[in-house]
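Everything below concerns the one structure shown next.
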Amino acid sequence: KQEVTQIPAALSVPEGENLVLNCSFTDSAIYNLQWFRQDPGKGLTSLLLIQSSQREQTSGRLNASLDKSSGRSTLYIAASQPGDSATYLCAVNAGNNRKLIWGLGTSLAVNP
Amino acid sequence: DAGITQSPRHKVTETGTPVTLRCHQTENHRYMYWYRQDPGHGLRLIHYSYGVKDTDKGEVSDGYSVSRSKTEDFLLTLESATSSQTSVYFCAISDGGLQETQYFGPGTRLLVL
């Protein structure tokens, strides 16, 4: 059974720091992996999607990498800003009817 | 932002009463999903739909039913609400294409007393 783990559960950094959020999964037979952002009391917003054949995806200050063989993905945030404060969720698509398997998220606080 | 709305946004109800949550999309996406989000459990899939009148169960479907009579609407019904169904409910949609990104609604906070 696919399981997704995110470490750390919470992270607090000063503004301007570069940081890495981690996501691991137990079954390497994935279709794609997605990173989402959730602001308090809000819905989820898709940040990056990496297909199983890709190694990384970039969007602005965000870069996500995927290593299927080791069952790991990282989300790199460059030059963090207070507006980046949110919970970041990782989800794996195992290809089974488009259902996603979710991690519990990393709660990020970027302090001015 | 994808055109997804959920109604109601907040609801307080009593144990044993039926509750229906509505998800409405304007994107004409084929797939629609209902999730619940609880502390310590993350997001869990309740039911999903892959077309009009085509639905299937997710991992926590007991006590819930769904219906999709039109492409744009996906209804989640709690037949007889229980306190364990107190949660935040999210609707999501996807086009089922290669990218398969899911777009989420704003959520419904349900409190069952």
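Is it the case that some residue within region B:39-59 is closer than 17 Å to B:Tyr103 by Cβ and acidic (Asp, Glu)?
no
Being part of a loop (DSSP other than H, G, I, E, B) and under 26 Å from B:Pro39 (Cα atoms) narrows it down to one residue among A:Gln54, A:Gln2; which is it?
Of the residues listed, the single one that is part of a loop (DSSP other than H, G, I, E, B) and under 26 Å from B:Pro39 (Cα atoms) is A:Gln2.
Filtering region B:22-48 down to residues that are in contact with a Ser or Thr (Cβ under 7 Å, 6 or more places away or on another chain), within 12 Å of chain A (Cβ to nearest Cβ) and not aromatic (Phe, Trp, Tyr), which residue is surrounded by the fewest Cβ atoms within 10 Å (Cβ to Cβ)?
B:Asp38
Considering only region B:52-83, how many residues are without any contact (Cβ under 8 Å) to a residue 12 or more places away in the chain and within 27 Å of A:Arg37 (Cα to Cα)? Quick ask: steps written out before the conclusion?
Of the residues in region B:52-83, the ones without any contact (Cβ under 8 Å) to a residue 12 or more places away in the chain are B:56-57, B:62.
Going one step further and asking which of them are within 27 Å of A:Arg37 (Cα to Cα), we end up with B:56-57.
The qualifying residues number 2.
How many residues does region B:92-113 contain that are touching a residue at least 24 places away in the same chain (Cβ under 8 Å) and within 9 Å of chain A (Cβ to nearest Cβ)?
Of the residues in that region, 10 qualify.
Does region A:3-20 contain any residue that is free of Cβ contacts under 8 Å to residues at least 60 places away in the same chain and either within 12 Å of the chain's Cα centre (by Cα) or within 28 Å of B:Arg109 (Cα to Cα) (or both)?
Residues of region A:3-20 that are free of Cβ contacts under 8 Å to residues at least 60 places away in the same chain, as a first pass: A:20.
Add one more test, that the residue is either within 12 Å of the chain's Cα centre (by Cα) or within 28 Å of B:Arg109 (Cα to Cα) (or both), and what stays is A:20.
Yes, region A:3-20 contains a residue that is free of Cβ contacts under 8 Å to residues at least 60 places away in the same chain and either within 12 Å of the chain's Cα centre (by Cα) or within 28 Å of B:Arg109 (Cα to Cα) (or both).
Going through region B:34-58 one residue at a time, which ones are assigned to a strand (DSSP E or B) and charged (D, E, K, R)?
Listed by number, the residues that qualify are B:Arg36, B:Asp38, B:Arg44, B:Asp54, B:Asp56, B:Lys57.
For region A:20-46, which residues satisfy the criterion of being under 17 Å from A:Pro82 (Cα atoms) and surrounded by 17 or more Cβ atoms within 10 Å (Cβ to Cβ)?
A:Leu21, A:Arg37, A:Gln38
Condition check: of a type in the set (Gly, Ala, Ser) and surrounded by fewer than 21 Cβ atoms within 10 Å (Cβ to Cβ). Does B:Gly51 satisfy that?
The answer is yes for B:Gly51.
Report those strands (runs of 3 or more DSSP E) wholly inside region A:57-112 carrying at least 2 residues which are in contact (Cβ under 8 Å) with a residue 40 or more places away in the chain and either farther than 19 Å from A:Tyr31 by Cβ or away from chain B (no Cβ under 14 Å) (or both).
Fully inside region A:57-112 and qualifying: A:72-77, A:86-93, A:106-111.
Any read-out appearing in this document is the output of simple, stated calculations on the displayed coordinates, not a laboratory observation. Computed from a predicted model, the values in this text were never measured in an experiment. So basically every Cβ, Gly included, is an ideal-geometry build from the backbone, and we count neighbours across all protein chains shown.
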